[in-house]
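This structure is in structure tokens; I'll ask about it shortly.
Read-outs throughout are calculated quantities, based only on the coordinates presented, and are distinct from any laboratory measurement. It should be emphasised that the depicted structure is a prediction, and the values quoted were computed from it without experimental measurement. Because the Cβ atoms are built from the backbone with ideal geometry, glycine has one as well, and the counts that use them run over all protein chains shown.
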Amino acid sequence: MDLTYTVFMILAQILIVPFALPIAWAIYYDLSKSVIPPGVDQPLKLRFLHWLMIISSFLGKILENLSICSEIQFIRYTQEGKKLGEDPKLIIQDVTFEDIPVRLYQPRESKVQRKRRGVVFFHGGGWMFGSLNSYDHVCRHIAKESDSVLLSVGYHLAPEQKYPSQFEECLAASVHFMKNAERYGVDPAHVIISGDSVGGNFAASVCQALVSRSDLTPPFAQILIYPGLQAIDFNLPSYQQNRAVPILYREHVIGCALQYLNKDLSVLESVVQGCHVPSDIKQRFGKWINAENIPSEFKVRGFKPHLTTSFSEDVYQVVKQALDTNFSPLMAEEAILCRLPKTCIVTCEYDVLRDDGLLYKKRLEDNGVPVTWYHIEDGFHGVINLFDGFLSFPSGKRGMDRIVTYLKSL
């Protein structure tokens, strides 16, 4: 009996301890680092989702220390998922456009006898994560429900691919699709550029580049889903209020951006404080990228104006590429903005990137661009990707429905 008990306890420790440690760490890290405001949609489910992400990172660090694979590679593996099976309503093809992996979703039956609208979609993932497979369910849903031909672009990821290669790949894939639109049953005059999170950043930058080209029909519209659009001010109200709200912390935004730029993470805190912005850039763009342009109702959760910090030439030299308009499309000139197509912007209340969307909305409207804005009052960053499945959120489904409705209205 004693021997049986001893063997049982040994086996229990072998099996349980390796699982208990990362779970305990995830719970501790989340409770000590995260702040989930009471208005968030299903806060307990969000915490559980965050725990899974922390566990993935924890195990990735262990595997990296054991020289098995990098932490980034392991997180990608856990998030990758797989391409879903055949869909009776869609023809789905994996092809390449100029060595760029893309996935094409074409509805099988046309509801009306005409060419369809085309949607170019750039996935999110902080430059380092996300893939064609991890967004497969999103793209299928949009293509089917809006009866659109959708192109999902599998741009290559950082840190392996450096700035500005991802923007250039998104632009190249868009140009290829637009030039060959009719081959895919798409009306060249009805192509919409879209993306979520960093994909929204690419969508805004690509759209700005496309309207300047004379060899293409300009995009018909753009859809920007909680986009990150500037790297000047990381102390806007949403950055302060939501700096520790899962699943995207303020430090995560800056850290991922630095890795995309292939820069040292040691400057992160200096960038948070704004030491990287020269006075001439502050004067030139401060009238646009400024908390004063954020409506007062978005400042009620403890916003405090950020005190001016001293400029550091060393920090600026490290991150100055982040102030390019390809990286920070909110800094584009009026001559470009006034030519942009009608726009849909989706923001979430509990998202550090909320105010980037609000500021771009204002800039576009000031330049005569029609903007449809949908604000998810109980949403958090990434919630659109969670519109269905086991870890679904009603706010994500509402947001997805509004995106589909907007597309159908075009």
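I'd like to know how the stretch 149-264 sits against the 2.2 N^0.38 Å rule of thumb: what's its Cα Rg over that expected value?
1.19
Whole-Hz ³J(HN,Hα) for each residue in the stretch 345-356, computed from phi via Karplus 6.51 cos²θ - 1.76 cosθ + 1.60 with θ = phi - 60°, x for glycine and proline: what do you get?
Values, residue by residue: 10, 10, 10, 10, 4, 9, 9, 4, 8, 3, 6, 4 Hz.
Based on alpha-carbon atoms only, what is the radius of gyration of the stretch 255-410 relative to the globular estimate 2.2 N^0.38 Å? Spell out each step's value before the answer.
Values: Rg = 17.5 Å, N = 156, 2.2 N^0.38 = 15.0 Å.
In units of the globular-protein estimate, the stretch 255-410 measures up at 1.17.
Can you check what the Kirkwood hydrodynamic radius comes to for the stretch 35-79, Cα pairs only, in Å to one decimal?
Taking every pair of different Cα atoms in the stretch 35-79, averaging 1/r and inverting gives 11.5 Å.
Further, regarding this structure: For the stretch 312-361 and the stretch 241-293, what is the separation of their C-alpha centers, rounded to whole Å?
Computed from Cα coordinates, the inter-centre distance equals 11 Å.
5 Å is the cut-off here: which amide hydrogens, built 1.01 Å from N in the peptide plane, fall below it relative to residue 299, excluding neighbours closer than 5 in sequence?
none
Give me the tail of P(r) for the chain as a percent: Cα-Cα pairs with distance above 38 Å. Don't jump to the answer; show the numbers that get you there.
On the way: 17379 of 83845 pairs.
So the pairs more than 38 Å apart make up 21 percent of the total in the chain.
Once you treat every alpha carbon in the stretch 93-145 as an equal point and sum by Debye, what is log10 I(q)/I(0) at q = 0.15, 0.19, 0.23 Å⁻¹?
Relative scattering, expressed as log10 I(q)/I(0), comes to -0.50, -0.76, -1.02.
Over the stretch 81-171, what number does the Rg to Rh ratio reach, with both radii from the alpha-carbon atoms and Rh per Kirkwood?
Result for the stretch 81-171 is an Rg/Rh of 1.00.
Can you work out ³J(HN,Hα) from phi for every residue in the stretch 367-376, in order, using Karplus 6.51 cos²θ - 1.76 cosθ + 1.60 and θ = phi - 60°, giving whole Hz and x for Gly and Pro?
Result, rounded to whole Hz: 9, x, 8, x, 10, 9, 10, 10, 10, 8.
Given H placed on each backbone N at 1.01 Å, which residues far from residue 119 in sequence or on other chains put an amide H within less than 5 Å of it?
Residues meeting the amide H criterion: 149, 150, 151, 192.
Quick one: net charge around residue 227, please, counting Lys, Arg +1 and Asp, Glu -1 for every other residue with C-beta under 13 Å from its C-beta. Present the calculation step by step, with values, prior to reporting the outcome.
On the way: positive: 354, 361, 363; negative: 196, 351, 355, 356.
Taking every Cβ under 13 Å from that of residue 227, the sum is -1.
Moving to a separate point now. If you project the alpha carbons of the stretch 232-291 onto their three principal axes, what span does each projection cover, largest first, in Å?
31, 27, 16
If you don't mind, another one. For residue 280 and residue 265, calculate 0.36 nm times their separation in residues minus their Cα-Cα distance, and state this gained length in nm to one decimal. Before the final figure, lay out the partial values.
Values: separation 15, 0.36 × 15 = 5.40 nm, distance 2.50 nm.
Length gained between residue 280 and residue 265: 2.9 nm.
As a check on your grasp of the helix formula, calculate [θ] at 222 nm for the chain: sum -39500 (n - 2.57) over DSSP H runs of n ≥ 4, divide by the residue count, round to the nearest 500.
-13000 deg cm²/dmol
Taking a spot 7 Å from the Cα of residue 27 along the direction of its beta carbon, which residues of the stretch 58-86 have an amide N less than 19 Å from it?
58-59
Moving on. Would you please give the residues with an amide H less than 5 Å from that of residue 388, counting only those at least 5 places away or on a separate chain, with H modeled from the backbone geometry?
Close amide H contacts, sequence-distant or interchain: 393.
Something else about it: Which ³J(HN,Hα) values in Hz, rounded to whole numbers, follow from the phi angles of the stretch 191-200 under the Karplus curve 6.51 cos²θ - 1.76 cosθ + 1.60, where θ = phi - 60° and Gly and Pro get x?
With the stated coefficients, the stretch 191-200 comes to 10, 10, 9, 8, x, 10, 6, 5, x, x Hz.
Order by neighbour count: 91, 54, fewest other Cβ atoms within 10 Å first, most last.
Starting with the residue having the fewest Cβ neighbours, the order is 91, 54.
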